[in-house]
1. Could you grab me the full set of residues in the stretch 380-398 that are under 12 Å from Val354 (Cα atoms), surrounded by fewer than 20 Cβ atoms within 10 Å (Cβ to Cβ) and either modelled with pLDDT of 85 or more or of a type in the set (Asp, Glu) (or both)?
2. In this structure, does Pro287 turn out to be outside the structural domain of Phe668 (by TED's automatic domain parsing) and either loosely packed, with under 15 Cβ neighbours inside 10 Å or of a type in the set (Phe, Trp, Tyr) (or both)?
3. Give the residues of the stretch 319-353 that are under 24 Å from Thr290 (Cα atoms), buried (at least 19 other Cβ atoms within 10 Å of the Cβ) and of a type outside the set (Phe, Trp, Tyr), sorted by residue number.
4. If you take just the strands (runs of 3 or more DSSP E) that sit entirely in the stretch 602-669, which of them hold at least 3 residues that are surrounded by fewer than 20 Cβ atoms within 10 Å (Cβ to Cβ) and modelled with pLDDT of 85 or more?
5. Scanning the stretch 293-325 for residues that are more than 24 Å from the chain's Cα centre (by Cα) and of a type in the set (Val, Ile, Thr), which turns out farthest from Gln248 (Cα to Cα)?
6. Exactly one of these conditions fails for Arg515: (1) in a helix (DSSP H, G or I); (2) over 17 Å from Asn340 (Cα atoms); (3) more than 29 Å from the chain's Cα centre (by Cα). Give me its number.
7. Taking the stretch 210-225 on its own, how many of its residues are part of a loop (DSSP other than H, G, I, E, B) and either surrounded by fewer than 18 Cβ atoms within 10 Å (Cβ to Cβ) or not assigned by TED's automatic domain parsing to the domain that holds Asp123 (or both)?
8. Residues being modelled with pLDDT of 90 or more, surrounded by 15 or more Cβ atoms within 10 Å (Cβ to Cβ) and touching a strand residue (DSSP E or B) at 6+ places or on another chain (Cβ under 8 Å): count how many of those fall in the stretch 490-549.
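The values are calculated or read from the model by the stated rules, or taken from the named source; none is laboratory data. Everything numeric in this text was worked out from a predicted model, so none of it was measured. Glycine also receives a Cβ, built like all others from the backbone with ideal geometry; neighbour counts cover every protein chain displayed.
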Amino acid sequence: MEEKEKIISEIKKLRREIERHNYLYYVLSQPEISDAEYDALFYRLKELESKYPEFDDENSPTHRVGAEPAKEFPTVEHTTPLLSLDKATTYEEFLEFHNRVLKFVGANDLFQSVEYTATPKLDGLSIRLRYENGALMLGATRGDGFHGEDITQNIRTIRNLPHYLLDEAENLSIIEFRGEVVIHKNDFQRLNDELEANGEKKFVSARNAAAGSLRQLDPKITAKRPLRAYIYEILYCEGKDFKNHWEQLAFIRDVGLPVVPEAALCPSPEEVKRYFERAEKNRENLPFETDGVVIKVNDIALQEKMGLVSHHPRWAIAWKFSAEEVITTLIDVQWNVTRNGFVTPVAIMEPVFVAGATISRATLHNEDQIAKLGIKIGDKIVIRRAGDVIPEVIRPLPELRTGNERDIIFPKNCPVCGAPLFKLEDDIYRRCPNKSCPAVIAETIKHFVSRKAFDIEGIGDKQVETLLGAGLIRDAADLFLLKPEQLIPLERWGKKLAEKVVANIKARKKIPLDRFIYALGIPGVGSHLAEVLAHNFRSIDALKNASFDELVNINEIGPATAESIIKFFRDEHNERLLKKMKKLGIEIESPAEEATEQKPLAGKTFVFTGTLSSMSRSEAEKLVKKLGGKASSSVSKKTDFVVVGENPGSKYQKAIQLGIKILSEEEFFKFIEQFSNYNAR
């Protein structure tokens, strides 16, 4: 017994010592021992755990290489909601936030002192951690803010995240933290270089790489990725109170967790402004991607007094940087053909690093946009990533022209099949009329297998191109005829992968009606309208036989969309495809009957126009739907409310003409806030 106690004591001591050296190395960058000395400690621990498996612990540092692959991630409910942040883009908007804070303080002077904390806003994947008696017991994604995915095994592979907190936290039974997982810029570049060298697909951005790596079903893959975590908030702490957020940040650091660098206390709005200006100027010097500054009321009692709304805490805001712009050269213009036959221009550029990703292609939208820009091949051009996501060309720099630039010539024939292009009177795009065009077929099948449609694992864009090139499929229905022996000879397939993909295809023979409607790729029908159509018609045959009047009588279906739906189902090619899929045994599930519970916004229809500052339109629409309302894309007499953001479009004018109730973004959230108790259930 005494011998076992000595072994347990040594194992515990080694684990604590290794965690301490991990903290010194990964968090403080102040190693005390050499790599060789660290390896000696690590291998001694591994040796003891191997010899005495009864003393193994999933939180041991030796488990950072990853556990066995998970079949799927279980869902966990967050004890504290992980909400988004309200946003500001100017100092004036930040002052509006400050003024709202002062109302809770009870002050009238806009510049009365309120202390804030400010930190760089990390561009990664938000996580929640729970430690019990100092040991890491749960790691979860943010998810929808109320429910996330249990990714504990993957979280345990992150090098700078301790499995055990330092001594002070041992006596606290439960502590929950919120943080962000990122990949540093240099690590991201090395990761992409390795992927490219191995013939694998590169990540578009460091954020995508972090999110994709953390949600791997196999933790061993996650362990190979250069992930880092930063903790910025205590969600819950049993047995310890904090007076302010700055005190929380100090505690987070003291128990061995990595905190966001460059944090500062700002005693006034002017100091926040100065911090923001320094941060924006210094963003390129930080090791990670950042797209703004997070500002929080420092006083915890004031935070609690201000409380939350359904989307965000009232006591915090994200002040976003302006979109980063860079200069590159337009090398050429490529013409892409969409699944609806539209021919769209894509700028091919000298590769340039912008907002965390190397960009070599960007949309030029259409002919009108090219004419408006006055852009030429060979021009020096200014590009940016809109919302730090979508690359777009802003303008050419004609003052830098050398005389060797060339006009952009629009094709008269399809660049893929050669069919003469046509353009309808109201169109902004030229179209390929050939439904057998290889590009149209390829894009149609890619849409069919996409995530919101049939979501067939193992069949992506490259696989679709391969199958078409090998003559194994001619349309989407042919996927369900594939056999493993047909796939095995293909490059980079093999027996195991072929059998798995065919099994995945068979597993998708049963599909909900809304996903099936979306998969068909009816022009003008996205995933939301597919849900609306499924709810109203409840079978594909009923939708197929719907009249124009039946369609336009649905609140969100306008005349153009109704005509598009009717035209789609009358097309002989589409009719043959539907019959073929029915013959192959595709089973389409009708939507479940809705619960009889009366939700607070039942029967109310909202339309959003313009840019919302605190959330995307889709997030706002989900909020309305969650409360039982409808979110429509068009204004009609049946519309109850039009919510107006920045730069509203024609929907705003139409709402005025029809006398529909108009809400500002702030008024909308105040209106929604009255249902916050319902929303939290």
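1. Val382, Glu392
2. Working: outside the structural domain of Phe668 (by TED's automatic domain parsing): yes; either loosely packed, with under 15 Cβ neighbours inside 10 Å or of a type in the set (Phe, Trp, Tyr) (or both): yes.
Yes.
3. Once the filter is applied, which keeps residues that are under 24 Å from Thr290 (Cα atoms), buried (at least 19 other Cβ atoms within 10 Å of the Cβ) and of a type outside the set (Phe, Trp, Tyr), the stretch 319-353 yields Lys320, Thr328.
4. Details: elements: 605-609, 630-632, 641-644, 661-664.
So the answer is 661-664.
5. Val297
6. Single failed check for Arg515: (3).
7. Within the stretch 210-225, the first condition is being part of a loop (DSSP other than H, G, I, E, B), and the residues that meet it are 215-218, 225.
From the residues that got through so far, the ones that are either surrounded by fewer than 18 Cβ atoms within 10 Å (Cβ to Cβ) or not assigned by TED's automatic domain parsing to the domain that holds Asp123 (or both) too are 215, 217-218.
Qualifying residue count, the stretch 210-225: 3.
8. So the answer is 7.
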